[in-house]
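The structure appears right after this line, and notes come after that.
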Amino acid sequence: MLWKLFFVFLKVGFFSFGGGYAMVPVIENEVVSRGWLDHQQFAELVSVAGMSPGPIATNTSIAVGMKTAGIWGAVIAAAGSLIPSFLVIVCISLFFMRSKDSRYMRGAFYGLRAIITALMLYAGIHFGLINGVFSSISIHSIFSFTLFILAFIALFRYRMHPFAVIVLSGMAGVVLYA
Amino acid sequence: MITITNKIKPYWNIFWSFCKISPLAFGGGYAMIPIIEKEVVGGRKWIQSEEMPDLIAITGSAPGAVGINTAVMIGYRIKGILGGITALLGMVLPTFIIVVGLIIFISIFKDNVKVRAALEGISSSVVALILIAALRTGKSALIDKPSLLLFAAALVSLFFFSINPLFLIVTGIVYGILLHTPNRKGRKHVPQSVASHYDNMQTFFGEGI
């Protein structure tokens, strides 16, 4: 199991260009298709990963590793996802890649950015659907949706610090749902 | 004894600097850049501020989170591979502990109504965080018809065809390269340089984190 975990996250880590949130669907695909977790469990891990500091992709890897194989799973999954970027950075530093502005790099990232945006939008909506934020009309989901709108406005319009928003939404959750 | 301490000190400094930065890294990707700058340029003076945009352009192009990559690059610059590893550990350890701790906490209290309720409330703001990140990326990503087309196609295939996201990533890269090969005449669109993408991101994440 630990080896499988390592290689899956190695693969994920290798392709994690340009956007942490975009990797969440990638990880989900790998994890759910292998039957390690179901969508609901994965969504819960994404919540945990999202509320912790640090890159969400790495946090999700740690969470998946922990949930499927305990603390060593967490370590292995994290290592797997971090090794590719570490190696690439060292290689770039060694050879000082000037080609970052080559036509191919620009083109590649142009296409990548569009895909990343789609992945992020998909991640947000998919996660929202699973967690009942966007879902059938019920008192519970109306609350969830309103909370989402409030959080969105606070973050986007008022530039509130994400940590504050997370804490406040947690408290609101306790008030509304418990 | 003194020589040993002197040998360890630089590594400890790297480790500790990034340990301090790591718990503050909320909100995704480029949000932690200003914090890193403050510590690394202002505080420790390991890097000059003029070097930062180029550094970010490189670390943003490498796989992995830009914050972690930047830390590794800086650590490598100061003390080679071991420095890079130290920086990596510094950045990752705090968040590792927090994530693992939260998971353990939640499994212990999984039947506690209040904990469940708080988690539900939090998931609403996580959705907001993800969508805002999508919005910000979209502003610099969806700049012309071909990119919009690619974006729309990707979205459709994700929602309706359960396409493997990795396949989409590779497709996007190939599409982007093909669109900008030399034998396309009359291309008036010049793709953004990787560095200017960082400038766009910075105006959004800038201060206030």
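Brief remarks follow.
- Taking all protein chains as shown and a probe of 1.4 angstrom, B:ILE163 keeps an accessible surface of around 50 Å².
- The stretch A:99-165, relative contact order in percent, only Cα pairs under 8 angstrom and at least six apart counted: 13 percent
- Computed about the Cα centre, the dipole magnitude for the stretch A:35-178 is approximately 600 debye when only Lys and Arg (+1) and Asp and Glu (-1) carry charge, each at its Cβ.
- Applying 1/(1 + (r/R0)^6) with r as the Cβ-Cβ distance of A:LYS4 and B:LEU148 and R0 = 45 angstrom yields a FRET efficiency of 0.75.
- Charge dipole (Cα centre; +1 on Lys/Arg Cβ, -1 on Asp/Glu Cβ; no other charges) of the protein assembly as shown amounts to roughly 760 debye.
- Beyond 31 Å in Cα-Cα separation lie the following of the pairs A:LYS11/B:LYS20; A:LYS4/B:LYS110; A:LYS11/B:LYS79; A:LYS4/B:LYS38; A:LYS4/B:LYS9; B:LYS38/B:LYS139: A:LYS4/B:LYS38; A:LYS4/B:LYS9.
- When chain B is reduced to its Cα atoms, the Kirkwood hydrodynamic radius in Å: 20.0 Å
- Span from the the stretch B:11-82 Cα centroid across to the the stretch A:119-140 one, whole angstrom: 34 Å
- Normalised by the number of residues in the stretch A:35-178, the average gap of Cα pairs under 8 Å and 6 or more apart makes the relative contact order 14 percent.
- By the Stokes-Einstein formula, at 0.890 mPa s and 25 °C, the stretch B:1-68 with its Kirkwood radius over alpha-carbon pairs has D equal to 187 µm²/s.
- Degrees between helix A:2-14 axis and first principal axis of chain A (Cα, 0 to 90, nearest 10): 80 degrees
- Distance from the Cα centroid of the stretch B:106-144 to that of the stretch A:21-57 is 11 Å (rounded to whole angstrom).
- Solvent-accessible area per residue in the protein assembly as shown equals 45 Å², computed with a 1.4 angstrom probe and all protein chains kept.
- Helix A:56-95 vs. chain A, principal-axis angle (Cα, 0 to 90°, nearest 10): 40 degrees
- Chain B: DSSP helices with Cα axial extent of at least 18 Å and average Kyte-Doolittle hydropathy no lower than 0.5: B:66-108, B:113-141, B:145-161, B:165-179
- Structure-based [θ]222 nm, chain B - -39500 (n - 2.57) summed over DSSP H runs of at least 4, per residue, nearest 500: -24500 deg cm²/dmol
- Helix content alone sets the calculated 222 nm mean residue ellipticity of chain A: runs of n ≥ 4 DSSP H residues at -39500 (n - 2.57) each, divided across all residues, give -27500 deg cm²/dmol.
- Buried accessible surface for the B/A pair, both sides summed and rounded to the nearest 100, is 8800 Å² with a 1.4 Å probe.
- Only alpha carbons enter this Debye calculation for the stretch B:66-158, each as an equal point scatterer, and the log10 of I(q)/I(0) it gives at q = 0.16, 0.20, 0.24 Å⁻¹ is -0.94, -0.95, -1.06.
- Kirkwood radius, the protein assembly as shown, all distinct C-alpha pairs, inverse of mean reciprocal distance: 21.1 Å.
- Under-5 Å amide H pairs with A:PHE17, H placed in peptide plane, nonlocal only: B:GLY64
- Under DSSP loop assignment and at most 11 Cβ neighbours within 10 Å, longest chymotrypsin sites (Phe, Trp or Tyr not before Pro)-free interval of chain A: A:1-95
- Relative to its Kirkwood radius, the Cα radius of gyration of chain A gives an Rg/Rh of 1.02.
- Whole-number Å³ per residue for the convex hull built on Cα positions in the stretch A:14-57: 67 Å³
- Between 0 and 90 degrees, the angle of helix A:162-177 with respect to the longest Cα principal axis of chain A falls at about 40 degrees.
- Accessible-area composition of the protein assembly as shown, carbon plus sulfur, in percent [1.4 Å probe]: 69 percent
The values are calculated or read from the model by the stated rules, or taken from the named source; none is laboratory data. Every value quoted in this text rests on a predicted model; they were computed, and no experiment measured them. With ideal geometry, Cβ positions are generated from the backbone for all residues, glycine too; neighbour counts draw on all protein chains shown. Surface areas here come from the heavy atoms of the whole protein model, side chains and all, with no ligands, DNA or RNA. Shrake-Rupley method; radii C 1.70, N 1.55, O 1.52, S 1.80 Å.
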